[in-house]
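One structure below.
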Amino acid sequence: MRIGVIGAGVMGRKHAEVIARNPNARLAAVADPGSRALAAEHAVPYFSGHAALLAAGEVDAVIIASPNAFHVDTALACLDRGIPSLLEKPMATSYAEAARLVQVAKASATPVLVGHHRRHHPAVKAAGDLIAAGELGKLVAVNGTWLTKKADSYFREPWRKRQGAGVMLINLVHDLDLFRHLCGNIVAVQAKVSNRTRGFEVEDTAAVIVEFENGALGSFIISDTVVAPWGWDQATEDDPTFPFNPTISCYQIAGTRGSLAFPQLARYHHEALSDWTQPLSMAFVEKATGDSYSNQLSHFIDVVRGVVEPYVTVADAAQSVAVIEAAKLAAATGGSVEVSTITNLS
Ligand SMILES: NC(=O)c1ccc[n+]([C@@H]2O[C@H](COP(=O)([O-])OP(=O)(O)OC[C@H]3O[C@@H](n4cnc5c(N)ncnc54)[C@H](O)[C@@H]3O)[C@@H](O)[C@H]2O)c1
């Protein structure tokens, strides 16, 4: 399959690596107004913008990895041309913008898969199956952490310091998307955010409380400016860019019959009498091997071939954008925000 990459920065390069490892795909073209380097390295046609790439007829599908603010218009152009796309997260910088794409995608036969790649991780699949089978009982409390330090040089790209970026839209959207995927829809949010450490227009740190549709409560703490080991990237070994720490869990999911430390999938339960004076038994839940980026690309190839529907649709991903927007509004107003106030656009 001939795949074009639109936006050849950090993530566009990552996708090019993943494509190179897949026997069923090849990088066929690159569009990026700022750099010809990736196209030159792979000796493929270069275009300065997505419109020229889509018009050239060199690709069967594209991966959109441009800065967040360009996602919706680029995906709309793909739909207009009938070219399937894998659209990086966040799919949009606001729910209203996301809804524009959802509406057009709904009426189109051309698929759009949103790049919430973590959903394709084997530990996510195993955790989801366990929760859906009721092995933890009724979900009650969920906790998550993503604390790490991004290099100061990462923020030389101006878009990463401005509205439309920030640790909530860039990173927290991954985690809350997984919370939604594993534990159910999020209906209300409270939050505090801070930009005190980096001093940018956008936040570097946030603490968020969520209420799930099923009544469970969740909390999440996130910062891109601290020296700490707790977060998906360090815990999962999903991406060799990040040093692996096998001892830390990034999510703890607790129910009336047991709990789960993720991604180790250490499942805790009581054998007989269930009370806190009783010893807890622990067993590791089995999971498949593989990384989420490779699994996502294999899935995308099947989507383009028409074998399967997108695992992460734009309508689904739009809800994750809405949760982030609700959290931002909650932080700005100091109150609790129902996610429906964001998604109810009328
Ligand atoms: N799935 C993940 O885990 C993950 C990880 C990192 C980034 N991302 C997402 O990938 C996207 C890109 O992030 P990044 O860190 O690679 O950014 P980046 O700044 O490193 O790269 C963006 C590239 O897009 C180019 N560009 C700018 N405007 C463009 C346009 N209109 N059309 C095409 N290309 C354009 C820039 O020249 C640059 O080369 C963001 O949406 C980000 O949220 C996802």
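The values are calculated or read from the model by the stated rules, or taken from the named source; none is laboratory data. Fair warning: this is a prediction, and the values are worked out from it, not measured in the lab. All Cβ positions, glycine included, derive from the backbone under ideal geometry; neighbour counts span all protein chains shown. Just the protein is used for accessible areas: all its heavy atoms, side chains included, with ligands, DNA and RNA removed. Shrake-Rupley method; radii C 1.70, N 1.55, O 1.52, S 1.80 Å.
Points worth noting:
- Accessible surface of the chain [probe 1.4 Å, protein heavy atoms]: carbon and sulfur percent: 53 percent
- For the chain: relative contact order, % (alpha-carbon pairs under 8 angstrom, 6 or more apart): 19 percent
- Summary of packing: across the peptides 227-238, 163-174, the per-residue average of other C-beta atoms within 10 Å ranks them, highest first, as 163-174, 227-238.
- Accessible-area value, residue 46, 1.4 Å probe, nucleic acids and ligands omitted, Å²: 60 Å²
- Computed over segment 1-139, Kirkwood Rh from alpha-carbon pairs, angstrom: 16.0 Å
- Antiparallel content of DSSP bridges confined to the chain, in %, to 5: 55 percent
- Farthest positive-ward along segment 1-47 dipole, Cα basis, beta-carbon charges - from 20, 47, 4: 20
- Pairwise centroid distance, computed over Cα atoms, of segment 104-166 with segment 251-283, Å: 24 Å
- Taking each DSSP H run with n ≥ 4 as -39500 (n - 2.57) and averaging over every residue of the chain yields -9500 deg cm²/dmol at 222 nm.
- Dipole in debye (nearest 20) - the chain, about Cα centre, beta carbon charges: Lys, Arg +1; Asp, Glu -1: 420 debye
- Relative contact order for segment 158-301, counting Cα pairs under 8 Å that sit 6 or more residues apart, in percent: 12 percent
- Part-to-part distance (alpha-carbon centres) for segment 18-48 and segment 296-346, which is given in Å: 28 Å
- Within straight-line reach of residue 192, meaning a Cα separation under 26 Å, sit the following lysines at least 8 residues removed in sequence or on another chain: 89, 149, 150, 161, 328.
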